[in-house]
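Reviewing the structure listed below.
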Amino acid sequence: MFNDPVTATATEAWEFSVRIGQTTMTAAQASPGSLRSAVDRANTERRLSLVPDRLNPDLLDKERVEILVSGLKDLPLATREQLTGKTLFLNDPSYGVVVPSPISIASLRRGFSLKTRPRPGRIADAEIEASVDCERAKLLADEALAALKGLDPQLDALEASLPNRSATEKAAALRTLGDLKRARFATARTTRLNARACATCYPGDATWKLRASEADRMVREYALPIGTMPR
C-alpha cells in the first residue's frame, strides 16, 4: 500500500528514500504514479540503440519497482532501522528490479527480504533476497551471451578500418565505436547477472560456474570510464 501515513508512523517503515535515475523520493511519498514517471525518465536516459531493452541492465521494470517499494514497509524492523537515513538506488541490479533481472515478477510478489551491510554515506548497501526464476535466468544468460558474441566482430572490423578513413568518416566511426562499446559493456553485465544466478540454480553444473567467471572477466575488461556511461 502506498502513501499510508498511519502505517508509516506506527511502524517507522519510511525513514529512508528510494532513488530512480536522478529522481529521489521518500519511500513514504512514493506513489505508483510517481514511481512510473521516475522510471520513464530514467529509462529514457539509459536506453541504448544497439541493445534491446530486454537485455539492458540499466533499465528498470515499472512493475518490479512498484512491488519492491510497496513491500518495503513489511521489512523487519531491524532491517528498516539499518536503512534509516539511507537511500536505496534502485538502478543497482542488486535490488532485482532491472529489466533483465533473473528474479521474475511472480517471485517478487511471493515476497522478498533485503540483506543490508554497513556503508558510509547516504547510499544503502543492500541486496534483495528472493527466489530466482532459473529458467528465465538461463534464457537471458544465453541470449545475452549470443548478443555479446555478435558485437565483437563489429568492433574488430570498425577498429581495423579507422586508419583508412577520412577525418569526417573517422569522427562518425568513432561515435559508432563508442555505441558498440557501451552495448558490449551493458550486455556483458546482463550475461554476468544471469550466469551468476544460474550458477546458484544449478550448483552441480560446473559449466555455469565457468560461465559466471568468464562473464565477470568480460565485465572488468569491457568496463568504461564513468563519464561515458548513462548517469
Report, to the nearest 10°, how far helix 32-46 tilts away from the longest principal axis of the Cα atoms in the chain, using its own Cα long axis and a range of 0 to 90°.
20
Among S161, G33, I128, the residue whose Cα sits farthest towards the positive end of the charge dipole of the chain (+1 at Cβ of Lys and Arg, -1 at Cβ of Asp and Glu, taken about the Cα centre) is S161
What is the diffusion coefficient of the range 73-231 in µm²/s, taking the Kirkwood radius over Cα pairs and the Stokes-Einstein relation at 37 °C with a viscosity of 0.692 mPa s?
183
Rounding to the nearest 10 and keeping the result within 0 to 90°, find how far the Cα-based axis of helix 62-71 lies from the longest principal axis of the chain.
30
How big is the range 134-228 on each of its three principal axes, counting only the C-alpha atoms and giving the largest first in Å?
54, 25, 19
Using the Cα centre as the reference, give the magnitude of the dipole from point charges on the C-beta atoms of the chain (Lys, Arg: +1; Asp, Glu: -1; all else neutral), rounded to the nearest 20 debye.
400
Looking at the chain, send over the antiparallel percent of its DSSP beta bridges, to the nearest 5.
70
How far is helix 206-222 tilted off the main Cα axis of the chain, in degrees rounded to 10, range 0 to 90?
70
Under 20 Å Cα-Cα from K62, which lysines qualify once same-chain neighbours fewer than 8 residues away are excluded?
K73
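Magnitude of the Cβ-charge dipole of the range 134-228, K/R +1 and D/E -1, about the Cα centre, nearest 20 debye?
260
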Average projected area [Cα convex hull, the range 1-150], square nanometres:
9.0
For the chain, with a Gaussian network of springs between Cα atoms less than 10 Å apart, report the residue from P32, P57, P153 with the top mean-square fluctuation.
P153
Could you name the lysines whose alpha carbon sits less than 26 Å from that of K209, not counting residues in the same chain fewer than 8 places away?
K115, K138, K149, K181
What cysteines in the chain have no other cysteine with a beta carbon less than 4.7 Å from their beta carbon?
C198
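Rule-based calculations on the coordinates, nothing more; no lab input. All figures in this text were calculated on a predicted structure; none of them were measured in a lab. Ideal geometry is used to build each Cβ from the backbone, glycine not excepted, and the neighbour counts take in all protein chains shown.
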